[in-house]
1. Evaluate the relative contact order of segment 13-99 (contact order divided by residue number), counting alpha-carbon pairs under 8 angstrom at least 6 apart; express in whole percent.
2. DSSP beta bridges in the chain, what fraction antiparallel, as a percent rounded to 5?
3. Please calculate how many Å² of accessible area segment 112-179 carries per residue, with a 1.4 Å probe and no DNA, RNA or ligand atoms counted.
4. If you count, for each residue, the other Cβ atoms within 10 Å and average over each peptide, how do 174-180, 324-330, 23-29, 447-453 line up from highest to lowest?
5. Stretch residue 303-residue 456 to full length: gain in nm at 0.36 nm per residue minus the Cα-Cα span?
6. Checking the cross-link filter: which aspartates and glutamates have an alpha carbon closer than 15 Å to that of residue 460, excluding same-chain neighbours under 8 positions apart?
7. How high is the relative contact order of the chain? Use alpha-carbon pairs under 8 Å, at least six apart in sequence, and give a whole percent.
8. Using amide H atoms built in the peptide plane, which far-off residues or other-chain residues are under 5 Å from residue 520 H to H?
Amino acid sequence: MDVTKKRVAIIGAGPSGLTACKHALAKGFRPVIFEATDAVGGVWTRTLASTRLQTPAAAFRFSDFPWPAGVEDDEFPRHDQVAAYMAAYARRFGVLDCVRFGSRVLAAEFAGASEQEVAAWERWSGNGEAFGDGAGEWHLTVKHGESGETQKYAFDFLILCVGRYGVAKHPKFPDEAGPEVFRGQVLHSMDYSRMPHADADELIRGKRVVVVGSGKSALDIVAQCAVANGSEYPCTMVYRNPNWAVDPNLTWGAFFEKLMTSRLAELMVHKPGEGLALSLLATVLSPIRLLIAKATETYYKALMPMRKHGMMPGHSFSAAMLGWRISVLPDRFYDMVVDAGIVLKRCDSFGFCTDGVVMDGTGERVVHADVVILSTGFDADRLLSGVFASPWFREILVAGPSDTMLPLYRRCVHPRIPQMAVVGYTESAASIYPYEMMAKWVAHLLDGAVRLPGVAAMEKSVAEWERWGKWAKRRSGGFFLKSCIASVTTWYHDQLCRDMGYSPRRKEGEGLLADWLQPYGPTDYAGI
């Protein structure tokens, strides 16, 4: 196969798109990245001025590209440092030359075989190969520039790296209780985060701001408003169920992270397709995991004033671990609550009135506001499905009944969608190096080093992950991010390593104890 003649398209130049391109380049391909904005780095190029990583730099990095000397391993880098790191990675490995900025993909359509033919194939792409028999190709409709004309392109393989954070999720309201009745300004946290920093500061300065939600973005926006306005114009956070948000300055956190990212820790939790022996072992060892989680929960409850301020989560820390509903508090968050710069309001539901936000729909609990920012999450499925022209592809990929796992083999390829891969949809504690492992696997698939089983076997594997996802969602009390692999990251990477022909034991040179007890991280996979 002459790889230089194979046309590979990548949609998105965020972290997953950059590493997908880098590893395709390493295999001799010359991909084209279509990026709608004017910079690489994804959400890190358009976020709040105060945004920092939630994981230390040592865990959030590419395997073969260290942070610059000024960033320590235990630091939580600022958003601008992350964006600069991404751009440096793209320059170092020649990725920038492959990017077409200001190019938004409006539609992707597979040509060369009908949907009926594709549905009947027993091998992925017809013959199990990344490029099929050469007859199929993807047609992309791309708009260049804000007012530019659209163009159509043909590619032999498509890699979707669109992420999870490009489509805002808006709550639904009863009649006459929606944003239209409010005299002030309403916007989603995504739109606020994308504003130029000076404009964002101007929007909130000297204003009564209400932030709806209790996730990481809500906490950061509330803190930013409190810093800007203090107690003169306190920022009110309206929320239903607080999540576990921990203080990064507490010493137990770093130890806990290292403890729970070891191979031994994953023996204590059930895994997809684990088999009887490992399932029994996980059942036997799970009390140890629960004990560690309970000790961590007790520690945070003792040292953080969550209960005092009505921020005690209704689910256990163990449940939050499994579904990865854990975030990092902004600096001095509870100090600003004490100083009255932040007001916390818990309620079951909310709506709008002319003067602000009505809690619980009673009309009695009104929070007056000039600006309301809805930090109500993102519709990752809509972002992904919106790429396809085919309703059938949209249906089998994201519109099915599952709310736990995207139906992807090895979290990368759909058994029934040919010549296409997805990189970067999964959630984990530190997503960047799982994205890189996916990119490496896809690059090996492209050059024929990864051999796929038949469609039936791929669908069996997908079903195993789906059953595990349902179990994890039940055990996490419903607090489970779709396609979250946080508790089984090393197990997942083991599968990818075997497929690519590498040993999954990445610490063998350091001894057996190191392989089981030391945390696994990006540098362990640098040789792949």
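1. Values: 91 pairs, mean separation 33.2, N = 87.
Over segment 13-99, the number comes to 38 percent.
2. Of all bridge pairs located within the chain, approximately 45 percent are antiparallel.
3. Working: 3740 Å² over 68 residues.
Counting only protein heavy atoms, the per-residue value for segment 112-179 is 55 Å².
4. 324-330, 23-29, 447-453, 174-180
5. Gain on extension, residue 303 to residue 456, equals 49.9 nm.
6. The reachable aspartates and glutamates, counting only those whose Cα sits under 15 Å from residue 460, are 122, 274.
7. Details: 1010 pairs, mean separation 116.6, N = 528.
The value is 22 percent.
8. Hits under the 5 Å cutoff: 262, 263.
The values are calculated or read from the model by the stated rules, or taken from the named source; none is laboratory data. Note that the structure is predicted; figures quoted are calculated from it, not measured. Here the Cβ is made from the backbone with ideal geometry for all residues, glycine too, and neighbour counts use every protein chain on show. When the accessible area is computed, the model is the full protein with side chains, heavy atoms only, and any ligands, DNA or RNA have been set aside. Shrake-Rupley method; radii C 1.70, N 1.55, O 1.52, S 1.80 Å.
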